[in-house]
Each structure stands twice: as C-alpha cells, then as structure tokens.
Amino acid sequence: MKIPTTLKHKPVIVTENYDEVDGRNAYDSEAKGLSIGLAQWNDRGSVEASAKVWRYTGEKWSRQSEEMPLNRVLDLAILLCRTSLYFQDAYRFPKYYDPENTQIDRIGLQGAAMTVEVCTDNPMIDTDIKLLGDVLGKDGELLGERFHVLASLLKDMGY
C-alpha cells in the first residue's frame, strides 16, 4: 500500500511494507508504513524533518498515525534500550524494582538529562512492571534482532 503524499507530512524516505515486519503484528498490522520526511507543522521559512508511523484502518488513513521529530524517534529508541537493559537484572528485586530508589538512570542529552524511572504513580505498578518484564522476555528475539541491526548501523556510522 502506498503512503499518501498529498497530506501535510511530506514523506521523503519510506518503508511501505511496515505491516509485514511490525513485530508480533507482522502481516496483520494497521501500521502500514514508516516515513522520514518534512514535518506537517513546518512554518514558512522553517523546515523540520520528522518520522511518521502511517496507520490504515482498512478503509482510510487513520488519525492515529503519529508524526514525531527525529530526535524523539531516537529518544524512544534510547528509552527502549535502557528499559530492556534494566529488565535483564530486574528479577533481583521482589517487585522488579526498588521502591526506595525508583530512578533507573539519568542519560545526559544536550544540556540536561533524561531521567528513566519506574512510574510509581501507576496504582498497578507492582503488576504492570512484571507484565512488561514478561512481554520484553517473550519479545527478546524480536527486539534483539532489531537491537543488533541498530548496533551494526551505529558502528558503520562511526558511533
């Protein structure tokens, strides 16, 4: 399925078969494509790049399609990597976290740091954190393949 090019986000580089590789939803995903292009929120004289997940409901392109600035895509990748790393040892805690020290990491980024922590405001955190750990464990091969590709590409880029 072709990603629309007549909407506000202007795709430049696309993956139009994302529904075939969308993790556990592969071949049955409404996320039909990914694109890197020009952001829909661009003002005259100010151009920003963005990434977009394109969703198709079977009848029309969904408003749930998400456009993100490129740094946010990388920030999500950083958060996912750090989360995955955390869960490698989370089993050491009876609740999968230390209630006295919920901060997992502070990752320095341009002038500040991204704080990664367990969300204890979630009233179901004791259950939800174990569920997330289980899902990450079940998806280990799926995520591991993508982490490996990402690591290889970053190495090729000189990082």
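Here the Gaussian network model covers the chain, with springs between Cα atoms less than 10 Å apart; of Asp19, Asp128, Asp139, Asp128 fluctuates the most. Cα centroids of the range 1-57 and the range 88-159: 26 Å apart.
Would you list Trp61, Trp41, Trp54 from fewest to most Cβ contacts within 10 Å? Each step should come with its number before you reach the end.
Numbers: Trp61 16, Trp41 12, Trp54 28.
Listed from fewest to most nearby Cβ atoms, that is Trp41, Trp61, Trp54.
For the range 1-75, averaging the sequence separation of C-alpha pairs within contact (under 8 Å, six or more residues apart) and dividing by the residue count gives a relative contact order of 24 percent. Placing a label point 7 Å from the Cα of Lys8 along the Cα-to-Cβ direction, the residues of the range 44-66 whose backbone N falls under 20 Å of that point are 44-57, 60-66.
Which value at 222 nm does the chain reach when only helices count, each DSSP H run of 4 or more adding -39,500 (n - 2.57), with the total divided by all residues and rounded to the nearest 500 deg cm²/dmol? Before the final figure, lay out the partial values.
Working: 3 runs with 49 residues, N = 159.
Only helices count here, giving -10500 deg cm²/dmol.
One decimal place: the segment Met157-Gln88 gains 22.1 nm when fully extended, by the rule 0.36 nm per residue minus the C-alpha distance.
Can you bin the range 101-149 into rounded, prolate or oblate? Criterion: square roots of the alpha carbon gyration tensor eigenvalues sorted a ≥ b ≥ c, rounded for a/c under 1.5, prolate for a/b above b/c, oblate for the rest. Because a/c hits 1.5 or more and a/b fails to exceed b/c, the range 101-149 counts as oblate. Shape class for the range 71-156: oblate, because the ratio a/c of the largest to smallest gyration tensor axis (alpha-carbon atoms, square roots of eigenvalues) is 1.5 or more and b/c is at least a/b. The number of Lys pairs in the range 1-113 with C-alpha atoms less than 29 Å apart, excluding pairs fewer than 8 positions apart on the same chain, is 13. A Förster distance of 41 Å, applied to the separation of the beta-carbon atoms of Val47 and Leu132, puts the FRET efficiency at 0.65. Treating r as the C-beta distance of Trp61 and Thr15 and R0 as 22 Å, the FRET efficiency rounds to 0.90. Could you please report the charge total around Ser29, scoring K, R as +1 and D, E as -1 over all other residues with beta-carbon less than 13 angstrom from its beta-carbon? So the surrounding residues net to -3.
Given R0 = 25 Å, the distance between the Cβ atoms of Val73 and Asn101 translates into a calculated FRET efficiency of 0.25.
Here, each number is a calculation from the coordinates, and none is a lab measurement. Being a predicted model, the structure only gives us computed values, none of them experimental. Cβ sites come from the backbone with ideal geometry, for glycine too, and all protein chains shown count toward neighbours.
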